[in-house]
Amino acid sequence: MTTPTATVSQAPPAQPGQALTRRAVTAVTIAIVLMTFAFSLGNVTRLCVNLGITAWIAWLVGPAVDLSVVGLLTGMRFLSLHGYTPADLVSLRRMLRFCGLLTLALNTAGSIADRQYGTALVDTVGPALLMGWSEVGPWMLRQIHAVSPAASSADKKKEENKNQELRQVTPAVVRPPVLPPALLARARKLDAEHRAASVD
């Protein structure tokens with residue numbers, strides 16, 4: 001009795017450069033988050049101190065917003081890599097935009113109040129890039145992840161076409177007909193009688 005073997009489905013092979021590209025996109029996003037964190041820690045703390053907020057509370061405001069951004073980006077990256085569409089991530093993206101605008105406002109408020117518009121412009125770099133990457137990053141990771149199955153399907157189709165062409169070119173092997181045992185025995189008997197008659 002033969003035991004049926006289960007068919008194990010294998011994941012499509014990763015395409016060349018896919019892992020490197022995914023790591024690069026993630027690394028760029030992390031770098032922008034860290035840069036914005038550094039900007040906010042100084043700018044927002046100074047703003048809070050100038051507004052009369054206690055020093056030990058003032059330095060907590062900026063990191064609270066930045067950690068919210070980190071959590072949202074991490075969650076969106078995970079969900080995007082597992083097939084969630086932009087429509088599924090609408091609420092997360094709205095929250096991320098709000099945090100980005102809040103970071104932008106906190107970073108530039110002090111410079112604008114002091115009429116240091118050049119400094120305010122520089123302070124917008126980190127938050128602006130953060131908001132941009134929050135829109136582009138998840139979409140890009142999802143597209144990179146989708147490249148592998150698409151390429152694998154194309155390779156499989158190409159291999160099937162190649163095999164079909166080989167089957168059409170290769171001539172079929174013609175096998176001799178198989179005689180029934182009774183007919184084969186009769187033929188051997190007649191052959192033996194014929195040989196005996198020839199000898200006589």
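The values are calculated or read from the model by the stated rules, or taken from the named source; none is laboratory data. Fair warning: this is a prediction, and the values are worked out from it, not measured in the lab. Here the Cβ positions follow ideal geometry from the backbone for every residue, glycine too, while neighbour counts run over all protein chains shown.
Within segment 20-68, the residues that satisfy the criterion of being closer than 30 Å to Val147 by Cβ and touching a residue at least 12 places away in the same chain (Cβ under 8 Å) are Thr21, Arg22, Val25, Thr26, Val28, Thr29, Ile32, Val33, Met35, Thr36. Scoring Gly71 on the criteria (1) surrounded by fewer than 20 Cβ atoms within 10 Å (Cβ to Cβ); (2) in contact (Cβ under 8 Å) with a residue 12 or more places away in the chain; (3) part of a helix (DSSP H, G or I); (4) not β-branched (Val, Ile, Thr) leaves a single failure, condition (2). Residues of segment 123-138 that are surrounded by 14 or more Cβ atoms within 10 Å (Cβ to Cβ) and among the hydrophobic types (A, V, I, L, M, F, W, C): Val125, Ala128, Leu129, Leu130, Met131, Trp133. Restricted to segment 105-200, the set of helices (runs of 4 or more DSSP H) holding at least 2 residues that are modelled with pLDDT of 75 or more, out of contact with any Lys or Arg (no Cβ under 9 Å at 6 or more places or on another chain) and charged (D, E, K, R) comprises 181-199.
Please indicate, with yes or no, whether at least one residue in segment 36-45 is modelled with pLDDT of 80 or more, small (Gly, Ala, Ser) and over 24 Å from Leu129 (Cβ atoms). No: segment 36-45 contains no residue that is modelled with pLDDT of 80 or more, small (Gly, Ala, Ser) and over 24 Å from Leu129 (Cβ atoms).
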